[in-house]
Amino acid sequence: MIILKLGGSIITDKTKENTFKQKTMDRLSQEIKKSNKKIIIVHGAGSFGHILAKKHRLNDGYNDEGQLLGFSMTHSMVQKLNTMVLDSLHKQKINAVSIPPHSTLKLNNHELDSMDYDIFKKYLKDGFTPVTFGDVVLDEKLGFSICSGDLLIRALAECFKPEKIVFVMDEDGLYSSNPKTDKNAEFIEKTTIAEFEKLSTKLDDHADVTGGMGGKIETIKIISKMGINTVLLNGNKPDRLYHVLVGENTRCTHVYGGKK
Ligand code: IPE
């Protein structure tokens, strides 16, 4: 089984509010179908979540009543994005079902408090493809906060111990520094958790509400320590996702977990 994260930057235009990249999503859906793998899909919120969440300071938790409508509207927008992702998967005859975090898990001061793993297990067992996503959720200490796709990945990785975790993003993989701002940035094809620990990669300086690339690097470290391999790839380039899903060579970054 594989856990797949479709980053918000690949399925939406992060600079323009509520802009879905339909063509890219449709091609990725085709590649997922063609791979014929058992997959749990997690997708980011991109411009359907981050802009509103920032405006209403939702990750700070409850401060004033005005935020409640912001919370509701943010959930509604990420749910709309989720429906578009599902529609794209259904066109390829993938039995995708939505598992919204706001009604299946709870946080406590940004950390996972409880999560209904059984629903994922049951759907997988019955031949469905569970699809969950970055969402606004209840938080025991803060009232509410944001559950990022990366937090979901960490939780699902621990529960399911997948054969690998695949991050689809808008860069080829990891570099020694931010390739968008540093032309000397070196591409990393393979690394281990030990080497990775030493890397002070600053891929993305713009901090969105859930931490941008810095948050992802933390996630990869945690996953690697569980002994699980991670692959990062560019979803804008046709067939790379397919090749990675079926274990063929393509341009991407492999981070080998504790086992290698
Ligand atoms: C963020 O989810 C969720 C909200 C802002 C409501 P992610 O952190 O997984 O989204 P991306 O991948 O960065 O867009």
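What to note about this one:
- Per-residue ellipticity at 222 nm, computed for the chain from helices alone with -39500 (n - 2.57) per DSSP H run of at least four residues, works out to -11500 deg cm²/dmol.
- Rounded if a/c under 1.5, otherwise prolate or oblate - region 1-134, Cα gyration tensor axes: oblate
- The chain: antiparallel DSSP beta bridges as a percent of all, rounded to 5: 35 percent
- Checking the Cα-Cα distances for LYS5/LYS125; LYS33/LYS106; LYS55/LYS198 against a 29 Å cut-off, the pairs over it are LYS33/LYS106; LYS55/LYS198.
- Ligands, DNA and RNA left out, the 1.4 Å accessible surface of the chain is 49% carbon and sulfur atoms.
- Three principal axis lengths of region 143-196 [C-alpha, angstrom, descending]: 42, 30, 20
- The residues of the chain have, on average, 46 Å² of accessible surface per residue, using a 1.4 Å probe with all protein chains present.
- The chain shape via C-alpha gyration tensor axes, a/c threshold 1.5: rounded
- Charged neighbours of LEU107, selected by a Cβ distance under 11 Å, balance to -3 (K, R count +1; D, E count -1).
- Taking a ≥ b ≥ c as the square roots of the eigenvalues of the Cα gyration tensor, region 1-62 is oblate, since a/c reaches 1.5 or more and a/b is not larger than b/c.
The values are calculated or read from the model by the stated rules, or taken from the named source; none is laboratory data. As the structure is a computational prediction, the values presented were derived from the model and not from experiment. All Cβ positions, glycine included, derive from the backbone under ideal geometry; neighbour counts span all protein chains shown. These accessible areas exclude ligands, DNA and RNA; they are computed on the full protein's heavy atoms, side chains included. Shrake-Rupley method; radii C 1.70, N 1.55, O 1.52, S 1.80 Å.
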